[in-house]
1. Restricting attention to the range 255-284, which residues are open to solvent by less than 30 Å² (accessible area, probe 1.4 Å), farther than 19 Å from THR90 by Cα and among the hydrophobic types (A, V, I, L, M, F, W, C)?
2. Determine which single condition GLU107 fails, assuming it passes every other condition in (1) surrounded by 13 or more Cβ atoms within 10 Å (Cβ to Cβ); (2) modelled with pLDDT under 90; (3) not hydrophobic (A, V, I, L, M, F, W, C).
3. Look through the range 69-102, keep the residues that are touching a Leu at 6+ places or on another chain (Cβ under 9 Å) and assigned to a loop (DSSP other than H, G, I, E, B), and return whichever of them is farthest from ILE41 (Cα to Cα).
4. VAL199 passes all but one of (1) among the β-branched types (Val, Ile, Thr); (2) over 16 Å from THR90 (Cα atoms); (3) modelled with pLDDT of 85 or more; (4) buried (at least 19 other Cβ atoms within 10 Å of the Cβ); which number fails?
5. Of the residues in the range 212-221, how many are in contact with a helix residue (DSSP H, G or I) (Cβ under 8 Å, 6 or more places away or on another chain) and outside any helix (DSSP H, G or I)?
6. What are the residue pairs meeting all of these: first residue in the range 33-60, first residue under 21 Å from GLY168 (Cα atoms) and in contact (Cβ under 8 Å) with a residue 24 or more places away in the chain, second residue of a type in the set (Asp, Glu) and in a loop (DSSP other than H, G, I, E, B), Cβ atoms under 7 Å, and 6 or more apart or on different chains?
7. Please work out which residue is farthest from VAL69 (Cα to Cα), limiting yourself to the range 129-163 and to residues that are in contact (Cβ under 8 Å) with a residue 12 or more places away in the chain and among the aromatic types (Phe, Trp, Tyr).
8. Being hydrophobic (A, V, I, L, M, F, W, C), under 13 Å from TRP279 (Cβ atoms) and either open to solvent by 20 Å² or more (accessible area, probe 1.4 Å) or more than 17 Å from the chain's Cα centre (by Cα) (or both) is the filter here, so list the residues in the range 231-254 that pass it.
Amino acid sequence: MAGYGGYGGGDGGGFMSGSQQGGSQAGGSKYADESLRPVTIKQLLDWEETFPGAELAIDGHPVTQVTIVGQVRSVKPQPTNITYRIDDGTGIIDVKKWVDSEAQGGEDGGSGAGAIAPDAFVRVWGRLKTLGGKKHVSANFIRQIEDFNEVNYHLLEATYVHLFFTKGAPGSGGATKQEGGGGDNMFVDQGYGAGGGDVAMGGAGPGGGNSAMQARLATCSRNAQIMCNFINNSPGGTEGVNLLVIAQGTRMSVRDITNAADELLGQGIIYTTQDDETWAILDY
C-alpha cells in the first residue's frame, strides 16, 4: 500500500489544505503517515466505529484514505456539495464532493465531476466519514472511468492488498493475524468458494443431493461450474445474483459470465430473476 500523493484535484495531491495536515512539524509527520488503499464498499460498511472519531482500520491496519470504483446510481446536487450514490456490487455508499465556490475552471468547482451522470462508472479518492450514524465517503477527487478494465484492475488490486494483510506476503507461508473491525470477506457474505468449495473440485453444489442436476453441471465448462457455485453460495436467494457481483466475486470477465450463464440456462440449472443479468439457482 503506497503513500498517497499522485492524485488530486483543486486541493493539490488529494489532500485538503490547512487543517488536515496541522502545523509544520506535526503536519509533516501526519503527512508521512498518509496512505491510500483500494477497497470494496463492503469493507467500508463492515467497519465498526468503536468510538466517535475512531481511526479507520481494515484487516487490522489503519487506513487514512481509500479509493473505490463503482457505478453511479443517482446524483444529487446541492449548493455546498454533490452527493453521488455509488454501487460496486458489494454495497452502496454515498460519496460527497464538496463544491469549492472559489475554484476556477468550471461549474464543478475543480472536482473533476461536472459531467458525471447516473449509470457511469467512476473512481473515487477520499476519506470515510460518519455523520449521524451513517457512513459516507468525503471525496477529494472523483472521475469517470473510460476503460472498463480499470474496474477489473481495481478489484484485483483490492483483493491483493486484502490477502497481503490477512494471509501474509506471497511466499511467507503463513497468515497474519487480523485485529479490528470487519470480517475476512471483502465481497458479499459467503461468497465464491464458501461453504463447500468449488463444484469442479468436488465441493458442494446446487440442488443438494439432486444427482440429476449434479450430472448436468458436470458436463458444463469450468467457468459455468465456477459461476454456479458462486450463485449457490451467495445470499441472494430467490432474488438472484447480479452479473456485476459475480464478476467481482469470481474475477471472471463479463463475456465469460454471459457465456457461462447461457450454458447453465440451457441445462436448466439457473433462471433469470429481476432482469436478464441476474440469476438464481433453480431448485427442484
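1. ALA260, ALA261, LEU264, ILE269, ILE270, ILE281
2. Among (1) surrounded by 13 or more Cβ atoms within 10 Å (Cβ to Cβ); (2) modelled with pLDDT under 90; (3) not hydrophobic (A, V, I, L, M, F, W, C), GLU107 violates only (1).
3. GLY89
4. (3)
5. 2
6. Filtered contacts from the range 33-60: THR40/ASP88; GLY60/GLU179.
7. If we take residues in the range 129-163 being in contact (Cβ under 8 Å) with a residue 12 or more places away in the chain and among the aromatic types (Phe, Trp, Tyr), then PHE141 is farthest from VAL69 (Cα to Cα).
8. Result: ILE231, LEU244, VAL245.
The values are calculated or read from the model by the stated rules, or taken from the named source; none is laboratory data. Everything numeric here is computed off the predicted structure, so don't read it as measured data. Here the Cβ is made from the backbone with ideal geometry for all residues, glycine too, and neighbour counts use every protein chain on show. When the accessible area is computed, the model is the full protein with side chains, heavy atoms only, and any ligands, DNA or RNA have been set aside. Shrake-Rupley method; radii C 1.70, N 1.55, O 1.52, S 1.80 Å.
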